[in-house]
Structure formats: C-alpha cells, structure tokens
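Below is one structure, written out as structure tokens, with a few remarks after it.
The values are calculated or read from the model by the stated rules, or taken from the named source; none is laboratory data. Only a predicted model underlies this, so the values are computations on that prediction, with no experimental measurement involved. Please note: Cβ atoms are built from the backbone with ideal geometry, for glycine as well, and neighbour counts cover all protein chains shown.
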C-alpha cells in the first residue's frame, strides 16, 4: 500500500518537474495580480484607511496559485483516460483507493510547492510576513487547501470523459470560488446573500488562515475555525473522490 502511494506520488512530482512551460505559465497570473493589483490599487486601498494592499493581497494570491494548480490536476485523470495510461494503472493488482490517495497526495504536493513559489515571488515584489514564527502554520494551511482542491478536481474528473466538459465546469467553479473568498477584497460590509455564499466557500477559510499566519491581525474567523473547516471538507472530499474514482469504468 505505502509503496504504491509513494510511486504514484513520485510520478506526479516528476511530471511537474519535467513540465517547465507549465511551471512558468502557472506563475504568470499570480505575478500579474501581485504587480498590477498590488501596486495599481494600493494607493486607493490605503486612502480608504485599509492599510497596505499588497499585504492584504499576497495571501489571497498565494491561495489562488494553489487553487488553480490543485484543481486542474484533475485534468490529468481525463488525459490519462483518453490516452490509455489510466487503464494501465487501474488494471494493476493494487487497490484503487491507494491509486487515488497517491495521485491526490502528488497533486497536493505540487500545488503546495506552487504556493511556496508564489510566496517567494510575493516577497520579491515587496510583501513581508509580519511574524516568521507563524510560517509553519501558513504552510499547513497551504497543504490543506491543496489537498481539498486536488480531491475536488479528482472527484469531478472521475465523472467526466472529455477535457471540454472539465474546463466548462471548472470555469463555473474556480472563478466564483476565488473571487468570493476574500482574496481580493475584504468580506466586511457585503450584502447578506454574498456574505452567506462567502462563508460557505472553503477557500474563504484558507485565505483567512493564510492572512492570519502571514500578516496577523486581519483574521475574520480565527485559526481554530479555519483549520477545522479545511480539515473537515478535505476529509469529506477525499471520501467522495475515492468513491467516484473507484467507480471509473475501464
């Protein structure tokens, strides 16, 4: 079991390491958000009495980098379906649960590494974490975000057969999840309907946890609630993803 999980985890990392264009391309959007929004809207944010916008924005952009990398890792399942690689894996004398866990851990590790890279880029453009002692907490939150959205991507991809369908569903999920997470703007003072949707959004708690760990003093829920929600939804989608993955027909 452990050997199977390790092999699939390592395979995901090797895929990531070989795809230099994918690494560079996935960093373009976070850099654009950090530079264009961080410096473009910074003076307006400061005049509104909200402080340094780059400090507010950076945790959200880090979460965005993890979100996109993690959830789109589910596309690899569809790709493997179409080219027969998944069939070779599924006919192996190992549990499908182990296969799903190995792929999910690999995708989550890649997404977490992506978040760390975006964090380093944020520092390069001027962001400074207020308390280095909380960096392990920030990395834990990154890992939970990565695990949750990798499991979600796997669950959705297990139901689909073509790339077009996956991309359409992702467009209806990813952008609302990102924009309604508090990554780009504070969640205070929102209409009640939008506030309710934001509170039901798991990424909201990830952004809140990252912001608290990296900036401090700007949390809306607290570490206890953030970690509890992220852990709960991660476990739930790991179970759902495992069940749906086990039902894939070859």
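Name the pairs whose Cβ atoms lie under 6 Å apart, with the first residue in region 126-144 and on the phi > 0 side of the Ramachandran plot and surrounded by fewer than 16 Cβ atoms within 10 Å (Cβ to Cβ), the second modelled with pLDDT under 95 and not in a loop (DSSP other than H, G, I, E, B), and 6 or more positions between them or separate chains? Pairs found: 126/54.
If you go through region 126-154 and pick out every residue that is under 20 Å from residue 238 (Cβ atoms) and either in a loop (DSSP other than H, G, I, E, B) or within 8 Å of the chain's Cα centre (by Cα) (or both), you end up with 7. The number of residues in region 224-240 being closer than 15 Å to residue 138 by Cα and buried (at least 17 other Cβ atoms within 10 Å of the Cβ) comes to 3.
Conditions tested, residue by residue: (1) within 18 Å of residue 53 (Cα to Cα); (2) surrounded by fewer than 16 Cβ atoms within 10 Å (Cβ to Cβ); (3) in contact with a helix residue (DSSP H, G or I) (Cβ under 8 Å, 6 or more places away or on another chain).
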position	(1), (2), (3)
188	yes, yes, no
205	no, no, yes
208	yes, no, yes
211	yes, no, yes
216	yes, yes, yes
247	no, yes, yes
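In this structure, residue 115 does not satisfy being in a helix (DSSP H, G or I), over 28 Å from residue 215 (Cα atoms) and at pLDDT 85 or above.
Take the conditions outside any helix (DSSP H, G or I), touching a residue at least 60 places away in the same chain (Cβ under 8 Å) and within 21 Å of residue 56 (Cα to Cα) and apply them to residue 209. Does it pass? So residue 209 fails the test.
I want to confirm something. Restricting to region 190-203 and keeping residues that are in contact (Cβ under 8 Å) with a residue 12 or more places away in the chain and in a helix (DSSP H, G or I), which single residue is surrounded by the most Cβ atoms within 10 Å (Cβ to Cβ)? Of everything passing the filter in region 190-203, 203 is surrounded by the most Cβ atoms within 10 Å (Cβ to Cβ).
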